[in-house]
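Step one of this worksheet: look at the structure below.
We did not get these values from a lab; they are worked out from the coordinates using the rules stated. As the structure is a computational prediction, the values presented were derived from the model and not from experiment. Here Cβ is always computed from backbone atoms with ideal geometry, including for glycine, and neighbour counts include all displayed protein chains.
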Amino acid sequence: MKTIKELEEIRKKTLDVVNQRKDRTTTRIVVGMATCGIAAGARPVLLAIMDEVSKLGLSDVIVAQTGCIGLCRLEPIVEVIKPGEEKVTYIKMTPEKARRIVKEHVVEGKVVDEYVMHVVDGKVLNDYSVQND
Amino acid sequence: MAFYRSQVLVCGGTGCTSSESMVILENLKNEIKKHGIENEIEVVRTGCFGLCELGPIVIVYPEGAFYSKVKPEDLPELVEEHLVKGRILKRLVYHEAMEDDRIKSLNNFGFYKKQYRVALRNCGVIDPENIDEYIAFDGYKALEKVLTEMTPEEVVKVVKESGLRGRGGGGFPTGLKWELTAKEKADQKYIICNADEGDPGAFMDRSVLEGDPHSVLEAMAIGGYAIGASKGFIYVRAEYPIAVQRLEVAIKQAREYGLLGDDILGTGFSFDIELRLGSGAFVCGEETALMQSIEGRRGMPVPKPPFPAQSGLWKKPTVINNVETYANIPAIILNGSQWFRSIGTEKSSGTKVFALGGKITNTGLVEIPMGTTLREIIFEIGGGIPKGKKFKAVQTGGPSGGCIAAQHLDTPIEYDTLIALGSMMGSGGMIVMDEDNCMVDVARFFLDFTRDESCGKCTPCRIGTKRMLEILEKITQGKGTLEDIDKLEELAKEIKASALCGLGQTAPNPVLSTLKYFRDEYIAHVVDKKCPAGVCKALMRYTIVDNVCKKCGICAKACPVGAITGKVKEHFEINQDKCVKCGACMEKCPFKAIIKK
């Protein structure tokens, strides 16, 4: 037999899963999963993000895939779209970097600047830093 | 908590199940396994989404992609494209769900926009066989609330103040029913759920039971607490195997969690529920006949009073409510009577579920606030009449209701307005008819049904419906007279006044309402010997238009009874005595030279 307290626990635990099935306006984490993304290692990145979201118990987050973003050389690419904020694009992701993004950007709201793609005058600045390395 | 990046909902209602949605569910799981992504994607079987016309339906979240008419062979592509590569498979998405290549939210579809879901709140969202998911959406919280914070009198008061009226047809105030039964003193009282949904074309209750069985169990326990009953029965048709099976699972789970049985949630309140299967007698949906049937007797009505509130099941005070009525109760308890009153109209609060059928684009299940007009339901939610045909009438209330004609389309739907139009709310069947439906034939169809389902106990119903049917058959065969129409009307009024139970008292409604709005069609059958809609076979004639006819003889070959005679390049003729009016010749004629009138 369940007590009222146990029911409340079931309610909380299940709501997170069930609630994902409704239309929401929440944070979206999008992983580029076209051939280029997968070849560059997008799948481990995706799994790491899902794992981190699950570990931190985040319920208002959608993890979605998308096709080729058009910057294949910068894959794996992860985009974080928070409601009411501009989209932030992260490039050359690894599972470890992705976990940091979930923790710092998604939860704490601090954009992880060092992984962000910077565009100035239509040119991707990150490209140059790579060449200079 | 398990985190899934995507959820795939597959409709497990009867409609979609009959078009192989269970095969789709299995194949989908296999396909997902093949790609090794079974830990990322959750596949859930839910209750009815309502848009049965488009079944089997599969919805993928978080995108909210609404895939319709999915076939098992579509699945490899669907899984690979959408779930692996994250690209929506546009060719399978319901056309209304896409706008400028983007997915529209479900709530913005024409079909869902005007709906308001209270009774169907969990249908198509939760897995009906998983009690935890029901609990997640505040399931059993209302029961918790009444058992720990409210007295039985307070529960009755809230239900009474909500203005909830019986959703099974009559529209009797539910709170009043509960109050009358609560006042009775007895060693034992009973709560019954009437799930003997028998109207042709109605499937509201089935969908609630299939999609959200726990809401009914919870409401019955609340009712038990309110009136002082410790025992409940659900009388459900054996023809609803999926509903029966889900109820069984739900009762078992509720017992395991201690939400049914002794000392519920440690509060000292005990309540349990048993299932009783009906064998498809329409009359057993009538409350007194239903109780006879539960007691193990032949299902026949008994005169009222005494009402069930005083002397019901085994002569004990009994509350008997319909499935949809119960489904509203937990929401009323949690949100309050004022909230419920704010939906719908003054005299009919809340929402009503309708099963849309007949000549309508979006066949399916809809829930609307009371006061929505028939036009909104049929043309906005239902998508109008297919093939550009003209709307003629809508039949509400099944065999007990009547037909409502086009001039009343802007009537708001309420218990009392529908009765004023000569129909009734009924349990919520809504059958739409277009110009191709013959109203005399419709009346004949329903009379045939009630005559067949009459239990035979009282004379007006047993013999009266038979006589009415005979007159209607006479008219549809072109042998009727004007006196027959008067006789039919007189007989109808007398049966209405004298039959024992609701079945007989309402059986003449289809006749009376069609006589009221479509008397000209009756007269056309009787005086002109014509069926304006071209339905009544005996009144139809197929003829060959000589100057269009190319004398090819294809019609003569197509005729299965050899009624067409003639010579190629000369002349062909249809022998009316031999013709069986099958229409085969008209279909085959390449020159449209054969007409029906």
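Rounded to the nearest 20 Debye, what is the dipole magnitude of the range B:6-109 about its Cα centre when Lys and Arg each give +1 and Asp and Glu each give -1 at the C-beta? Spell out each step's value before the answer.
Numbers: 12 positive and 17 negative charges, 13 e Å.
Around 60 debye, computed over the range B:6-109.
If a paramagnetic tag sat 7 Å from the Cα of B:C552 along the Cα-Cβ line, which residues of the range B:566-582 would have the backbone N under 19 Å from that point?
In the range B:566-582, the label zone of B:C552 (backbone N under 19 Å from the point 7 Å along Cα→Cβ) covers B:566-574.
Among B:R297, B:R467, what is the fewest-to-most ranking by other Cβ atoms within 10 Å?
B:R297, B:R467
Net charge near B:T459: determine it from the other residues with C-beta under 12 Å of the C-beta of B:T459, scoring Lys and Arg +1 and Asp and Glu -1.
That sum, taken over residues with Cβ under 12 Å, equals +3.
Past the 18 Å Cα-Cα mark, which pairs from B:K315/B:K457; B:K387/B:K550; B:K487/B:K530; B:K252/B:K315; B:K537/B:K578; A:K2/B:K141? Can you show the working numbers first?
Working: B:K315/B:K457 20 Å; B:K387/B:K550 30 Å; B:K487/B:K530 20 Å; B:K252/B:K315 28 Å; B:K537/B:K578 13 Å; A:K2/B:K141 13 Å.
Going by Cα-Cα distance, B:K315/B:K457; B:K387/B:K550; B:K487/B:K530; B:K252/B:K315 fall outside the 18 Å limit.
Using just the helices of chain B, give the 222 nm mean residue ellipticity in deg cm²/dmol: DSSP H runs with n ≥ 4 each add -39,500 (n - 2.57), and the total is spread over all residues, rounded to 500.
So the helix-based figure for chain B works out to -10500 deg cm²/dmol.
Can you work out the FRET efficiency for the pair B:D452 and B:E184, with r the C-beta to C-beta distance and R0 = 25 Å, to the nearest 0.05?
0.10
According to a simple spin-label model (label point 7 Å from Cα along Cα-to-Cβ), what is the distance in nm between B:H35 and A:A39?
Inter-label distance under the simple model: 2.0 nm.
With a ≥ b ≥ c taken as the square roots of the eigenvalues of the C-alpha gyration tensor of chain B, please select rounded if a/c is under 1.5 and otherwise prolate if a/b is larger than b/c or oblate if it is not?
It is oblate, given that a/c is not under 1.5 and a/b is not larger than b/c.
With 10 angstrom as the radius, rank A:E114, B:E63, B:E274 by how many other C-beta atoms surround their C-beta, starting from the fewest.
Fewest-to-most Cβ neighbours within 10 Å comes out as A:E114, B:E274, B:E63.
About the Cα centre of chain A, how large is the charge dipole given +1 on each Lys and Arg Cβ and -1 on each Asp and Glu Cβ? Please answer in debye to the nearest 20.
Roughly 560 debye, rounded to the nearest 20.
Quote the relative contact order of the range B:6-109 in percent (integer), defining contacts as alpha-carbon pairs under 8 Å separated by 6+ residues. Can you show the working numbers first?
Details: 154 pairs, mean separation 30.3, N = 104.
Relative contact order, the range B:6-109: 29 percent.
Calculate log10 I(q)/I(0) of the range B:439-526 for q = 0.22 Å⁻¹, where I(q) comes from the Debye formula with a single equal point scatterer on each Cα and nothing for solvent.
-0.97
What size of dipole, in debye to the nearest 20, comes out for the range B:439-526 about its Cα centre when the only charges are +1 on Lys and Arg C-beta atoms and -1 on Asp and Glu C-beta atoms?
Here the size comes out at about 280 debye.
Could you give the nm distance between label points at B:R541 and A:K103, where each point is 7 Å from its Cα heading toward the beta carbon?
About 9.1 nm separates the two model spin labels.
Would you pull out the residues with amide H under 5 Å of B:Q310's amide H, same chain only if 5 or more places away, H placed 1.01 Å from N?
B:T318
Based solely on its DSSP helices, what 222 nm [θ] is calculated for chain A when runs of n ≥ 4 H residues each add -39,500 (n - 2.57) and the sum is averaged over all residues, nearest 500 deg cm²/dmol? Could you put the intermediate results ahead of the total?
Details: 5 runs with 50 residues, N = 133.
My calculation for chain A gives -11000 deg cm²/dmol from helical runs alone.
Compute the angle between helix B:459-476 and the longest alpha-carbon principal axis of chain B, please, reported from 0 to 90 degrees and rounded to the nearest 10.
Between the helix axis and the principal axis of chain B, the angle is about 40 degrees.
Over chain B, what is the relative contact order in percent, taking alpha-carbon pairs closer than 8 angstrom and at least six residues apart?
Normalised by residue count, the contact order of chain B is 12 percent.
Find the relative contact order for the range B:154-300 and round it to a whole percent, using C-alpha pairs within less than 8 Å whose residues are 6+ positions apart.
It comes to 22 percent, rounded to a whole number.
Can you figure out the FRET efficiency of B:E494 with B:K578, using R₀ = 51 Å and their beta-carbon distance, to the nearest 0.05?
The formula returns an efficiency of 0.75 here.
Quick one: if the Förster radius is 41 Å, what FRET efficiency do B:K90 and A:D60 give, using the C-beta to C-beta distance and rounding to 0.05?
Taking R0 as 41 Å, the efficiency between B:K90 and A:D60 is 0.90.
Please arrange B:Y240, B:Y326 by how many other C-beta atoms lie within 10 Å of their C-beta, fewest to most.
On the way: B:Y240 22, B:Y326 27.
Least crowded to most crowded, the residues run B:Y240, B:Y326.
What value does the protein assembly as shown have for Rg/Rh, both radii from Cα atoms and Rh as Kirkwood defines it?
Values: Rg = 30.5 Å, Rh = 28.9 Å.
Using only Cα positions, Rg/Rh for the protein assembly as shown is 1.06.
How well do other chains shield peptide A:4-16, expressed as the mean number of their Cβ atoms within 10 Å of each residue Cβ? Numbers along the way, then the final one.
Values: counts 8, 0, 4, 11, 3, 1, 9, 9, 3, 5, 11, 7, 4.
Other-chain Cβ atoms within 10 Å of each residue's Cβ, averaged: 6.
Could you give the distance between the Cα centres of the range B:380-459 and the range B:501-556, to the whole Å?
18
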